[in-house]
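Colleague: Structure in structure tokens, see below.
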Amino acid sequence: MGATLLCELGLFLLCTLVCSGHAQGAVLTIEPSSSSYFIGEFVTFKCDMNEGEDTDWYYTIKKDGREYAPNRENKDCTLEIISTGHSGEYQCSGSRKESHYIKNSNTVFITVLADRPRATLTAGTTIIPVGGSVTLTCSVQSSDGWKYEWFRRTQTTSEGKIRDQQNRDIRVSQGGIYSCRGTRGNPVYYTDRSDDVTIEKTWKVMAAVKLQHSWSQIFTGETITLRCEIQGGEGKVWKYEWTAPNTNSPPTSSEYRISRVSVSHSGDYRCRGSSDYLLTGWSDAFRLTVSSSKPRATLTAQSSVIPAGGSVTLSCSVEGSAGWKFDWFRRDSVSSKAQLMRGNEANRVISVSQGGLYHCRGGRGDPVYYTEDSSDVTVRETLPSKPTVTLQPSWTQIYSGETVTVRCEIQGGEGAQWTYEWRAAKLNTPPTSNEYRIIRATESDSGGYSCRGRRDYFFSEWSDIITLTVSYEPRPVLTVSPSWLSPGASVTLNCEVEHPSAGWSFYWYKAVPDLSEKSSSYELLPDGSGTAQDSYIIHGQTHTAGYVCRAGRGDPEYHTDHSQPKFVWSADVHSAASLTVSPDRVQHFTSDSVSLTCEGNFPEWRVRKFSEDGRLSDCRRMTGSTCDINTSESDTAVYWCESGSGEFSSAVNITVHGNGPILVSPVHPVTEGASVSLSCSLRTQKILSNVFFYHNDKLIENDPRGELKISAVSKSDEGFYKCQYSGRESAQSWMSVKADSSSSPVWLIVGLVCGVSLIIILLLLLYRCTTTNSAVNEQMFNQHHQQQVYSSLLAGDRCGYEIIRRSENSENGQRGDAEESSDYNNVNLSGCWVVDQRFCGYFAFVSLSVKV
């Protein structure tokens, strides 16, 4: 206390000196070094002059600019802090003993705190892992320079100081209760003791959470119990800890019981046990999932119909969970009360032999938790009665577009209120009445139909199946007799349908051409509407004409498509025009110049064509009666001449090719007995040598001159020809051979007939191309048939071709999409013909019966 007063007195006297203008350079330090101090601590001010010896100076301590301890010969001044008033700025100065030289130090600011500090103990973790350790840290807030003392105790041992530990961080490997405090200064100043920190050591034994019932799914409202099991911890008194969602105070026992769980209880549950300062590890998480909705039982039936004298099996289940027992209920009717049949059944499957409404529910747990009732399942008993299915009308063959009624009749069931069920391939929503009416039937309506009746909880048996066959729209076949008439003669038309006795009526029409529309309409013949006879006689026919027929039946009446036109020729014929082609060959290269010239007894001509895509068009570059073409592949077509008054020439075929060799062959038929020469040509070389020639795909000659010469053509030379040069083949073309017209006067008459026929046929110009592609045609007809048909188109021994497109304005909106057909020497052709195996035009062919 005396030293303190001496310092204060010295500082006071020193503060009266005028210090300004003197040199500085002294250093003031404080021990312990800190910016904050506490009441009761001792601090030592050290004033170093950094010049001469320490004994050469007198030392003065200043506080807040005033002398606090003046004229001391000891550079150290120790101060006991007794109040917060010691806070402030401190400075020291030194005065040289043998002179008036003064040095001032730096300024040091200190803060004095009134309350004794408390040490703070923190742990990296409070659990020591097996074989490991944890780090403890002791600290004193807002001050520095501390050393630390460490203490440990247990519930069964007294506290002891941990020796040789003064650092603020230590590592411990023992469980227990730890505390610390700070120390500094001389004499030593102690902080208050830190709060205790309990450190537990992990034991090798692990805990496990288990659900009392092994249910995979829990539902809102159930009661469950979770258990914490410690294997190998027998004999110890355990205290349990739980981590769980939706709880502020988890239990400390081994069981965690939750009454009426909710969705908020879903989550992970863990537990561990502690005994003394030994701690098991946390168990693996047990994931509890609680469904928000109440489950509904599901009832399924092996069959909804009990066979006569038999039974069916019912199964009850609750999806996604286990542990259920089941209650079974039955009702006699929809309005009656359900009666419990069986209760608390562990078996989920039962057998029943009575019809009725059945449902079930599941229950489990204590108290019992019940699911929602299942939906009702209707089980019916089978009665011995068997219905019969009939068709109205009872035709064996139904066609697309007709109307038919399928009827279910139950013999002996009169007066009962039956509801009907139907089995049919197309019925997505089958009717419940005894009749099923099919309006405008299609092929998809074909199949087997059967029915049965039901009432209350009883079923009849299923009827036998009746098979309904719906075919594509039929096209009748029209025949004429005779087809060649003398002026004023009569002709008989016959119309045949596939099933002539199935209630058909027949309609008869004359084909009326419309050149402006390139089509025709059908004019009903007198008394030709809905006759029951399948024949029609035309009296006094004196001109060439085309006729069609069709059939109808049913209510509403169904109409077939129109037949293919058939033609009748009278004797008043005249000659046709002619068409020449230059150069005179069938095949041409692209960019070739080709001229087609019309000759005849009429002043104005035009060249018309049918191209590969089925389009009918006129020549765009006509000079007088000549059409000039700069060829491209789109010019592959059939060409003919047509006058303004409706006269026509015979037709020729022209094909255009981009690459490879072409066959040079005549475009018109060759007369029997004449000579002909075939050759092979390239774009850059007109005559080739070492050429192979083929007739109907058979090699016939390899002429080094490059030509195939036939000195006297016969009918056997007719057919397809092609050439091959340097391994490259041309396309094949048809060479037609016609009889010598001078050999018989018969051919003159035939020529006249053919000319008139061609004119009438082309006047009809009802172009139509079926969708049959070339690959299908090649499969349908062998080469022998191709030769006959091709010859009929381009040769002179048949009367030409017809191009037909039926008017789309037929009665009742019926469209004729059936395949077209004609006769040539009893060859039945369908669809369109592929000219030169590539051209598909709108052609059907007509066989003529010629009388002379």
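The values are calculated or read from the model by the stated rules, or taken from the named source; none is laboratory data. Every value quoted in this text rests on a predicted model; they were computed, and no experiment measured them. Because the Cβ atoms are built from the backbone with ideal geometry, glycine has one as well, and the counts that use them run over all protein chains shown. Just so you know, the surface numbers come from the protein's heavy atoms only, side chains and all, with ligands and any DNA or RNA stripped out. Shrake-Rupley method; radii C 1.70, N 1.55, O 1.52, S 1.80 Å.
Colleague: Just checking, how many residues over the stretch 1-49 are outside any loop (DSSP other than H, G, I, E, B), modelled with pLDDT of 90 or more and open to solvent by 30 Å² or more (accessible area, probe 1.4 Å)?
Modeller: Count: 6.
Colleague: To continue, here is another question. Of the residues in the stretch 52-85, how many are open to solvent by 70 Å² or more (accessible area, probe 1.4 Å) and acidic (Asp, Glu)?
Modeller: 5
Colleague: Same structure, new question: So which residues in the stretch 124-160 are outside any loop (DSSP other than H, G, I, E, B) and either in contact with a helix residue (DSSP H, G or I) (Cβ under 9 Å, 6 or more places away or on another chain) or among the small types (Gly, Ala, Ser) (or both)?
Modeller: Ser139, Gly160
Colleague: Please work out which residue is most open to solvent (accessible area, probe 1.4 Å), limiting yourself to the stretch 217-235 and to residues that are assigned to a strand (DSSP E or B) and over 22 Å from Ser292 (Cα atoms).
Modeller: Arg227
Colleague: Out of the stretch 153-196, which residues are surrounded by fewer than 18 Cβ atoms within 10 Å (Cβ to Cβ) and either aromatic (Phe, Trp, Tyr) or closer than 19 Å to Ile127 by Cβ (or both)?
Modeller: Result: Arg153, Thr154, Gln155, Asp169, Arg171, Ser173, Gln174, Ile177, Tyr190, Asp195, Asp196.
Colleague: Return only the number of the condition from (1) at pLDDT 90 or above; (2) closer than 24 Å to Lys738 by Cβ; (3) open to solvent by 10 Å² or more (accessible area, probe 1.4 Å) that Val713 does not satisfy.
Modeller: That leaves (3) as the condition not met.
Colleague: Does any residue in the stretch 51-66 that is polar (S, T, N, Q) come within less than 9 Å, Cβ to Cβ, of a residue that is open to solvent by 70 Å² or more (accessible area, probe 1.4 Å) six or more places away or on a different chain, and which pairs are these?
Modeller: Thr55/Glu73; Thr55/Lys97; Thr60/Leu13; Thr60/Leu17; Thr60/Asn71
Colleague: Here's another thing I want to ask about it. Report, by residue number, each residue of the stretch 161-195 that is within 30 Å of Leu79 (Cβ to Cβ), among the hydroxyl-bearing types (Ser, Thr, Tyr) and in a strand (DSSP E or B).
Modeller: Within the stretch 161-195, Thr183, Tyr189, Tyr190 meet the criteria.
Colleague: So, in the stretch 256-291, exactly how many residues are of a type outside the set (Gly, Ala, Ser) and farther than 15 Å from Thr243 by Cβ?
Modeller: Count: 9.
Colleague: Next question. Looking at (1) in contact with a Lys or Arg (Cβ under 9 Å, 6 or more places away or on another chain); (2) farther than 30 Å from Tyr369 by Cβ; (3) assigned to a strand (DSSP E or B), which is the one condition that is false for Lys210?
Modeller: Unmet for Lys210, out of (1) in contact with a Lys or Arg (Cβ under 9 Å, 6 or more places away or on another chain); (2) farther than 30 Å from Tyr369 by Cβ; (3) assigned to a strand (DSSP E or B): (2).
Colleague: Okay, next question. Could you grab me the full set of residues in the stretch 674-694 that are closer than 22 Å to Asp592 by Cα, part of a strand (DSSP E or B) and open to solvent by less than 30 Å² (accessible area, probe 1.4 Å)?
Modeller: Leu678, Ser679, Cys680, Ser681
Colleague: Checking Gln91 against (1) surrounded by 13 or more Cβ atoms within 10 Å (Cβ to Cβ); (2) part of a loop (DSSP other than H, G, I, E, B), which test does it fail?
Modeller: (2)
Colleague: Give the stretch 432-475 a look and list any residue that's without any contact (Cβ under 8 Å) to a residue 60 or more places away in the chain, assigned to a loop (DSSP other than H, G, I, E, B), open to solvent by 30 Å² or more (accessible area, probe 1.4 Å) and under 30 Å from Glu498 (Cβ atoms), or say none.
Modeller: If the condition is that a residue be without any contact (Cβ under 8 Å) to a residue 60 or more places away in the chain, assigned to a loop (DSSP other than H, G, I, E, B), open to solvent by 30 Å² or more (accessible area, probe 1.4 Å) and under 30 Å from Glu498 (Cβ atoms), then Ile439, Arg440, Thr442, Ser446 are the ones that fit.
Colleague: Going by the structure shown, is Ser632 modelled with pLDDT under 85, open to solvent by less than 50 Å² (accessible area, probe 1.4 Å) and not aliphatic (A, V, I, L, M)?
Modeller: Considered against the rule, which asks whether it is modelled with pLDDT under 85, open to solvent by less than 50 Å² (accessible area, probe 1.4 Å) and not aliphatic (A, V, I, L, M), Ser632 comes out as no.
Colleague: Same structure again: With respect to Phe589, determine if the residue is at pLDDT 90 or above and among the aromatic types (Phe, Trp, Tyr).
Modeller: yes
Colleague: Look through the stretch 495-511, keep the residues that are open to solvent by less than 50 Å² (accessible area, probe 1.4 Å) and not in a loop (DSSP other than H, G, I, E, B), and return whichever of them is modelled with the lowest pLDDT.
Modeller: Result: Ala511.
Colleague: Examine the stretch 94-104 for a residue that is acidic (Asp, Glu), surrounded by fewer than 19 Cβ atoms within 10 Å (Cβ to Cβ) and modelled with pLDDT under 90, and state whether such a residue exists.
Modeller: yes
Colleague: Only residues in the stretch 374-390 that are surrounded by fewer than 19 Cβ atoms within 10 Å (Cβ to Cβ) count as the first member; pair them with residues that are among the acidic types (Asp, Glu) and at pLDDT 85 or above, Cβ under 6 angstrom, at least 6 apart or cross-chain, and list the lot.
Modeller: Lys386/Glu461; Thr388/Glu409
Colleague: Another question, if that's okay. Those residues that are at pLDDT below 75 and open to solvent by less than 30 Å² (accessible area, probe 1.4 Å), I need them from the stretch 592-624; list them, please.
Modeller: If the condition is that a residue be at pLDDT below 75 and open to solvent by less than 30 Å² (accessible area, probe 1.4 Å), then Phe610, Ser611, Gly614, Leu616 are the ones that fit.
Colleague: Which of the residues belonging to the stretch 349-384 are among the acidic types (Asp, Glu), within 43 Å of the chain's Cα centre (by Cα) and over 24 Å from Ile224 (Cα atoms)?
Modeller: The one that is among the acidic types (Asp, Glu), within 43 Å of the chain's Cα centre (by Cα) and over 24 Å from Ile224 (Cα atoms): Asp376.
Colleague: Only one residue in Asp555, Asp561 is of a type in the set (Asp, Glu), over 25 Å from Thr492 (Cβ atoms) and at pLDDT 75 or above. Which one?
Modeller: Step by step, each of Asp555, Asp561 is checked, and only Asp555 is of a type in the set (Asp, Glu), over 25 Å from Thr492 (Cβ atoms) and at pLDDT 75 or above.
Colleague: For the stretch 336-373, what are the residues that are of a type in the set (A, V, I, L, M), in contact (Cβ under 8 Å) with a residue 24 or more places away in the chain and open to solvent by 30 Å² or more (accessible area, probe 1.4 Å)?
Modeller: The one that is of a type in the set (A, V, I, L, M), in contact (Cβ under 8 Å) with a residue 24 or more places away in the chain and open to solvent by 30 Å² or more (accessible area, probe 1.4 Å): Val349.
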